[in-house]
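For reference, the structure is listed below as structure tokens.
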Amino acid sequence: MENYSANSYSKSYTKKQFLMKRYIQLLLLTLLTFAAQAQNTLKGVLYDDANGEAIPFAAVQLEGTSYGAATDLNGIFLINKIPDGNYTIVVRCIGYDEYREAVSLAGHKVLTRNLHLKPASQQLKTVVVRESRNEEMKIQTQVSVEKITATQIQQMPSIGGIADLAQYLQVLPGINSTGDQGGQLYIRGGSMIQNLCLLDGMVVYNPFHSIGLYSIFETDVILNANIYTGAFGAEYGGRLSSVMDITTRDGNKKRHTGKVGLNTFGANLTLEGPLKRESPSNASTISYLLTAKNSYLSRSSKIIYPYIDGGLPFDYTDIYGKISFNSGNGSKINAYGFNFDDRVDNYRAIADYHWHNYGLGSNFVLLTRESAVVDGAVAYSNYNLNLDDGSGQDNHSTIGGFNMGLNVTNFIGKNKFKFGLSMEGYSTEYRYVNQYNISRKQDKENTTQFSAYLNYNASAGKWLVDPGLRFVYYASLQEARLEPRLAAKFNASDHLRIKLASGLYSQILLDARPDNDIVNLFNGFLTGSGSLNLPTMYRDEPVESCVQKATHLVVGAEYDISRHLTVNLEGYFKYFNQLLGANHNQIYDRTDPAYLVGGVYEKPQYYLTDYIIEKGYAAGTDISVCYDGDRLYIWATYSLGYVKRHDEVQTYTPHYDRRHTINLLTTYALGDQHQWELSGRWSFGSGFPYTQTQGVYELLNLDGRIGNGYVSDNGVYGVHYGELYGGRLPTYHRLDVGVKRKFSVGKRGLIEVDLGVTNLYNRDNIFYFDRLSAERVNQLPILISAGIDYKF
């Protein structure tokens, strides 16, 4: 009898423990050698003078010298190894007046300055934006990463009256979306399960709602979103393809304020303010931030869009809260929690679909007395998914777990050394019945992994180099991995920059989605472990590990054509050394004794096992052009991509293999205060692969029992599938337009009115074909939407 398990490993547990121990000892020893050197140091925090919030990504410079730094997400800056002398601090930042202050440094002095910047006029903002972005490109490697702020997201034509991160991500190079419905993004050839999403340091398992226009994040409270589409640094791990790291801002520290919005699709509310204000004798503050948004689309669509058959039964409710304790010197601690809920009721072939995600967490930042910043997080979240497709089967997936981490950043002149430790634990449970009525399940499975990393950011002349190393130990598998990472940039001239990044990556979570279904909302979570029913061989080679592995390589260049116009070109290759997934070749139930003869299965493994081993690659080229003028903003991208997978018996293109993707986005501001804004977005994508229906037949119960009335009984519909992903859906394209108008109300109030049209020329973009009725179901038709927001 064959053993369908990959739980035999050549490496011994004792050796792995020894290597892990020695690695951590080396890590700690290295850290101690980076003690602060005795020279002058300037450090502090930048705050917004209007609301007390920290200001990230500002340039802090000692005028006339090469000494400077950019503030981090917490507004912290630190410049050390400064010679004795008199200097002038100059601070420049997007949207703020320039700040200048004379200081004197001598005798190994550590000078702390908490600076408050005043908002700038609109005319000055556009100049500073361009200068800040161009300068940032020269001092950071920034390979395969997009940094997004709430302001950028709000430049999009809002759909349903709501500007959202999900809509903005769909215009980034290398990112493909299933369209208006489905809520699924695929990043440079990676599946959904291969994308890591972090919210304030907490792992979020599904950041997008079933209607693909909206994420779980409230746009107004996003401080920054770093989107790594590949070759990310040693700071991140546990996923094969990409990272979305979203950070929310703190609540207003000076006054109680908020926003209430009402639109065609739903409503939203934001409240924030101080629980303890800063005083002359005590600079510490406590603030709160609370957001809630709700979709009533299942009800409003039947009234506003009666021409949509069955309406749009997509509803969600998202609640997020945060309390921030700030010391006044840059150190702080946050406590936060969320509750996200998504529901699709009785929608054609999808039937009833529901997921629920909740979590609690805390993170902190500590600015030390010397040249170091310490930060960390601890969090727990739970995600539960249920699908009722009308078959009477119980299809569900649950994943819950904790993650915690500690990071230390040491500043060494213009260079930076960072290291960290982290631990993650998951508990998963899964059950799904496939098209052949074969049940795939994993009872409750607990998995723990430990990680440590080193990263060094160095600059030498025209070179920027970020080498890194990540150590991962999968405790449940007793398997350890070393994953080197590297990013580099060469500033060939003031206008041309050449860049490169590469690294090794791994993960144990696997995607258990049903492959042959055209509509794939059910995305289950499983952990790769010895309990999985896996084949013991892959193409005549023994399977010795359940860890999925990948190698990334990215090369590219940035060129500033003019002060306003920048072009970015990147080519990428991701080789997936080993992947685990649901076995789309399975047609027999291995638990059926009919297939067991003399203690040996008479059918090949690839027809019997629930899960399968694969290899594959993703390759492509992404081009983006950005024009940022005083009033006109243009963003254009083109992506060429290829994705291939190889299992035991075939080579195929997965359902997210899209050959060509084009996005055009433009925004134009009118009025002396830019109170009017016109925007437009056009998107094009070549067709996704899908598995065609070869035929439909009557499926009878022929289990061999003498009492079966197979002559007179009625069977059920059976589907004969064609070649796996052998067909291609038609191309997708859509034009959205919008107009916004802002009105000042009193001293601080602001009303914003938004009018938009989605799918302006009413393109019939396909969602799926119903296999049994052969009915074509399309994506969203033309939708006119409106919204109004009041900020107070």
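The values are calculated or read from the model by the stated rules, or taken from the named source; none is laboratory data. Only a predicted model underlies this, so the values are computations on that prediction, with no experimental measurement involved. For neighbour counting, all protein chains shown are included, and Cβ atoms are generated from backbone atoms with ideal geometry for every residue, glycine included. Accessible surface is based on the protein model in full, side chains and every heavy atom, while ligands, DNA and RNA are left aside. Shrake-Rupley method; radii C 1.70, N 1.55, O 1.52, S 1.80 Å.
Pairs under 6 Å by beta carbon, first residue touching a residue at least 12 places away in the same chain (Cβ under 8 Å) in the stretch 610-628, partner hydrophobic (A, V, I, L, M, F, W, C) and open to solvent by 30 Å² or more (accessible area, probe 1.4 Å), six or more apart or different chains?
Ala619/Phe573; Gly620/Leu640; Thr621/Leu640; Ile623/Leu569; Val625/Val567; Tyr627/Leu565; Tyr627/Ile634
With modelled with pLDDT of 95 or more and closer than 27 Å to Gly179 by Cβ as the only criterion, which of Leu729, Leu724, Leu664 stands out?
Leu664
Would the stretch 425-441 turn up any residue that is under 30 Å from Gln39 (Cα atoms) and touching a strand residue (DSSP E or B) at 6+ places or on another chain (Cβ under 8 Å)?
Within the stretch 425-441, not a single residue is under 30 Å from Gln39 (Cα atoms) and touching a strand residue (DSSP E or B) at 6+ places or on another chain (Cβ under 8 Å).
I'd like the full set of residues that are touching a Phe, Trp or Tyr at 6+ places or on another chain (Cβ under 8 Å) and either without any contact (Cβ under 8 Å) to a residue 60 or more places away in the chain or outside any strand (DSSP E or B) (or both), limited to the stretch 466-481.
Pro467, Ala475, Leu477, Gln478
Checking Ala166 against (1) open to solvent by less than 10 Å² (accessible area, probe 1.4 Å); (2) closer than 26 Å to Val555 by Cβ; (3) not in a strand (DSSP E or B), only one condition comes out false. Which one?
So the condition that Ala166 fails would be (2).
Quick one: how many residues across the stretch 366-423 are of a type in the set (D, E, K, R), open to solvent by 60 Å² or more (accessible area, probe 1.4 Å) and under 18 Å from Tyr456 (Cα atoms)?
2
Taking the residues in the stretch 263-314 that are among the aliphatic types (A, V, I, L, M), within 20 Å of Gly251 (Cα to Cα) and touching a Leu at 6+ places or on another chain (Cβ under 9 Å) as candidates, determine which candidate is surrounded by the most Cβ atoms within 10 Å (Cβ to Cβ).
Here the answer is Leu289.
Looking at the stretch 632-672 only, could you name the residues that are closer than 21 Å to Tyr611 by Cα and part of a strand (DSSP E or B)?
Val643, Lys644, Arg645, His646, Thr651, Tyr652
Report, by residue number, each residue of the stretch 57-92 that is touching an Asp or Glu at 6+ places or on another chain (Cβ under 9 Å), open to solvent by less than 20 Å² (accessible area, probe 1.4 Å) and either in a loop (DSSP other than H, G, I, E, B) or under 18 Å from Leu223 (Cβ atoms) (or both).
The one that is touching an Asp or Glu at 6+ places or on another chain (Cβ under 9 Å), open to solvent by less than 20 Å² (accessible area, probe 1.4 Å) and either in a loop (DSSP other than H, G, I, E, B) or under 18 Å from Leu223 (Cβ atoms) (or both): Gly75.
Considering only the stretch 737-764, how many residues are in contact with a Leu (Cβ under 8 Å, 6 or more places away or on another chain), open to solvent by 90 Å² or more (accessible area, probe 1.4 Å) and not in a strand (DSSP E or B)?
1
Scan the stretch 770-792 residue by residue and report those that are assigned to a strand (DSSP E or B) and surrounded by 19 or more Cβ atoms within 10 Å (Cβ to Cβ).
Within the stretch 770-792, Val777, Leu783, Ser785, Gly787, Asp789 qualify.
So His646 ticks every box in (1) touching a His at 6+ places or on another chain (Cβ under 6 Å); (2) modelled with pLDDT of 90 or more but one. Which box is left unticked?
(1)
Every residue in the stretch 358-413 that is acidic (Asp, Glu) and assigned to a strand (DSSP E or B), please.
Asp375, Asp388
Based on what the data block shows, is Lys302 among the charged types (D, E, K, R) and assigned to a helix (DSSP H, G or I)?
yes
Is it the case that the stretch 533-543 has a residue that's within 27 Å of Arg343 (Cβ to Cβ), at pLDDT below 90, open to solvent by less than 30 Å² (accessible area, probe 1.4 Å) and not β-branched (Val, Ile, Thr)?
no
Tell me, which residue of the stretch 469-504 that is charged (D, E, K, R) and over 18 Å from Val145 (Cα atoms) is surrounded by the most Cβ atoms within 10 Å (Cβ to Cβ)?
Arg470
Is the stretch 215-226 home to any residue that is out of contact with any helix residue (DSSP H, G or I) (no Cβ under 7 Å at 6 or more places or on another chain), under 25 Å from Ala557 (Cβ atoms) and open to solvent by 10 Å² or more (accessible area, probe 1.4 Å)?
Scanning the stretch 215-226 turns up at least one residue that is out of contact with any helix residue (DSSP H, G or I) (no Cβ under 7 Å at 6 or more places or on another chain), under 25 Å from Ala557 (Cβ atoms) and open to solvent by 10 Å² or more (accessible area, probe 1.4 Å).
Given the criteria polar (S, T, N, Q) and touching a Lys or Arg at 6+ places or on another chain (Cβ under 9 Å), does Asn294 qualify?
So Asn294 does not fit the description; no.
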